[in-house]
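The structure appears right after this line, and notes come after that.
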Amino acid sequence: MNINCVVDKSKYKKDRVILHSDCNGFYASVECLHHPEIRNKPVAVSGDAENRHGIILAKNEIAKKYNIKTGEAIWQAKQKCPDLITVPPHFDLYKRFSKMARRIYSEYTDKIEPFGLDEAWLDVTDNKNMNGKEIALEINRRIKQELGITVSVGVSFNKIFAKFGSDYKKPDAITEITRGNYRDIVWNCPAKDLLYVGRATGRKLESIGIYTIGDIATADVTLLRSYLGKWGDLIYGFANGYDSSPVAHMNENSEVKSIGNSTTTPKDMVTFNDVKQVILVLCDSVCRRMREQGFMAKTVCIYIRDNELTTLKRQHTMEAHTNLTKKITKAATELFIKSYKMEKPLRSIGVSVTDFIHDDQPHQISFLVDEKRLIQNERLDKTLDMLKKRFGNYAVRPAVLLNDKELSDFNPKEDHTIHPVGYL
């Protein structure tokens, strides 16, 4: 969505009926459903604490009463609630429940756009049998009866406010946000409650006296742009309801938007050499996955989390598309050096790539590239891919990875799981 300094409001005159359905405490709810013995106790789904992947991925309503937060370490959660029961994630089970929920959604519309396993937008504008709130109430009832879990549903005239509505009241609630009430409901809430306003953006907004979504909506958009770049235009539009982005059709082939891997290391990364080893392992996995799927990327992204759980995200767009491990590793390493000075030890790091083209698609190559060396690197990567596929991930490895096997001895490609967006 592009929001200019002077918004063309004619684009937003025709309102739609958009629902956003959010399965409450999804992972934890499914676990409690399958394990009745823990249903009435504080429960959290988490990673592996022994290998320092021990962050909270989801929690049930009882655990929420102890102010346990998604993304915090298990030890922090247990300080708040010593009786907290933690269980490992079972993603195959969650995917099955996600499919069952979408099957219910499909009875009301064919425009369904997932937002993770537990959330989805539905465009029910063309449904002539029921209005938006009636559909939301029926979905809420059916999910409870047929799946045994609950959903909160937001109903609004665009995707952003529908998502806001599903977050506004939890659990097991329906919130309708209309042209007539959005200023009273949405504008009075903290700026961080708006989709895509993260912690860093929130701090920048507070530094210029912007604390609520209403403050964003009534701010001078040029001021927002000066502090946040094009992100300022985006959140200004969202706060004012200028969102015309469509809900994808459920039968559309969803093009891969990014490929990435991340890890929480068994011990803190305290030197650049520590980080370099982990980046090399991650980039090897990302590039192998790219080549398997027939993609080349132009933008490299890194995600860093320090030992105080502060997260930093940065990206860099290269001159040309590539899927060469050497080039992606070089770009990610240089981006890290530019972005972080090792002020604090790091516990997590991730690398992803985006801006894809298919590798058989014609693309521009720089005149400065040594074509002979390029062909050699392509052949080397393909040979290493073949060896690792046949003899295993550790068959051939750069010698530098032997410096500290505690940090480098992991296989992100085969261990790859999908975690909630934003958590490494």
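The values are calculated or read from the model by the stated rules, or taken from the named source; none is laboratory data. Quantities reported herein were computed from a predicted structural model and do not represent experimental measurements. All Cβ positions, even for glycine, are placed from backbone atoms using ideal geometry, and neighbour counts span all protein chains on display. Just so you know, the surface numbers come from the protein's heavy atoms only, side chains and all, with ligands and any DNA or RNA stripped out. Shrake-Rupley method; radii C 1.70, N 1.55, O 1.52, S 1.80 Å.
Suppose R0 equals 56 Å; then what is the FRET efficiency for Lys65 and Leu402 from their Cβ-Cβ distance, rounded to the nearest 0.05? Here the calculated transfer efficiency is 0.70.
Over the chain, what per residue volume does the convex hull of the Cα atoms give, in whole Å³?
Details: hull volume 74.3 nm³, N = 424.
Output value, Cα hull per residue: 175 Å³.
At full extension, Lys95 and Lys14 could sit 25.7 nm farther apart than now, given 0.36 nm per residue minus the alpha carbon distance.
Counted residue by residue at 0.36 nm each, then reduced by the alpha carbon distance between them, the extension gain from Gln376 to Glu292 reaches 28.4 nm.
The residue list Gln277, Met296, Pro246 was ranked by how far each Cα lies along the charge dipole of the chain toward its positive end, using unit charges on Cβ atoms, and Gln277 comes out on top.
In whole percents, the pair-distance distribution calculated for the range 44-150 from its alpha-carbon pairs, binned every 10 Å from zero, is 13, 35, 27, 19, 6, 0. Beyond 30 Å between alpha-carbons counts as too far, so tell me which of Lys159/Lys341; Lys159/Lys257; Lys204/Lys405; Lys133/Lys313 fall in that bin. As for pairs spanning more than 30 Å Cα to Cα, those are Lys159/Lys341; Lys204/Lys405; Lys133/Lys313.
Once the Cβ-Cβ distance between Arg39 and Ser245 is put in as r, and R0 is 51 Å, what FRET efficiency do you end up with, to the nearest 0.05?
Details: r = 38 Å, r/R0 = 0.75.
The calculated FRET efficiency here is 0.85.
If a spin label sat at a point 7 angstrom from the Cα of Thr299 along the line to its beta carbon, the backbone N atoms of the range 257-276 nearer than 19 Å would be those of 257-262.
Helices in the chain, meaning DSSP H runs of at least 4 residues, each add -39500 (n - 2.57). Divided by all residues, the mean residue ellipticity at 222 nm is -11500 deg cm²/dmol.
When a/c reaches 1.5 or more, the comparison of a/b and b/c decides; with that in mind, is the range 254-305 rounded, prolate or oblate per its Cα gyration tensor? The shape class here is prolate.
Taking a threshold of 19 Å on the Cα-Cα distance, which of the pairs Lys169/Lys192; Lys276/Lys388; Lys69/Lys169; Lys69/Lys267 fall above it? List each step's numbers first, then the result.
Details: Lys169/Lys192 16 Å; Lys276/Lys388 21 Å; Lys69/Lys169 17 Å; Lys69/Lys267 23 Å.
From the list (Lys169/Lys192; Lys276/Lys388; Lys69/Lys169; Lys69/Lys267), the Cα-Cα distance tops 19 Å for Lys276/Lys388; Lys69/Lys267.
May I ask you to list, by number, the DSSP H helices of the chain whose Cα span along the axis is at least 18 Å and whose average Kyte-Doolittle hydropathy reaches -1.0 or more? Display every interim value, and only then the final one.
Values: long enough: 91-105 (21 Å, -0.71); 132-147 (21 Å, -0.74); 272-293 (31 Å, -0.03); 325-339 (21 Å, -0.19); 371-391 (30 Å, -1.26).
Qualifying helices, which must be both long enough and hydrophobic enough, are 91-105, 132-147, 272-293, 325-339.
As a calculated quantity, the FRET efficiency between Leu387 and Gln315 at R0 = 30 Å, using C-beta atoms, amounts to about 0.45.
In this Cβ point-charge picture (+1 for Lys and Arg, -1 for Asp and Glu), the chain has a dipole of about 300 debye about its Cα centre. Once you order the gyration tensor axes a ≥ b ≥ c over the Cα atoms, which shape class does the range 235-324 get: rounded for a/c under 1.5, otherwise prolate or oblate by comparing a/b with b/c? Taking the square roots of the gyration eigenvalues as a ≥ b ≥ c, the range 235-324 is oblate. Measuring with a 1.4 angstrom probe and ignoring ligands and nucleic acids, Asp385 comes out at about 30 Å² accessible.
In this rough spin-label picture, where each label sits 7 Å from Cα along the Cβ direction, the Asp167-Ser207 distance is 2.2 nm. With the simple model of a label 7 Å out from the Cα in the direction of the Cβ, Asp268 to Asn411 spans 3.1 nm.
For the chain, modelled as a GNM with alpha-carbon contacts under 10 angstrom, which of Arg305, Arg142, Arg379 fluctuates the most? Taking springs between Cα atoms under 10 Å, the residue moving most is Arg379. Modelled spin labels at Asp110 and Lys192, positioned 7 Å past Cα toward Cβ, are 4.2 nm from each other.
Potential lengthening of the chain between Ser226 and Leu137 amounts to 27.8 nm, from the contour at 0.36 nm per residue minus the alpha-carbon distance.
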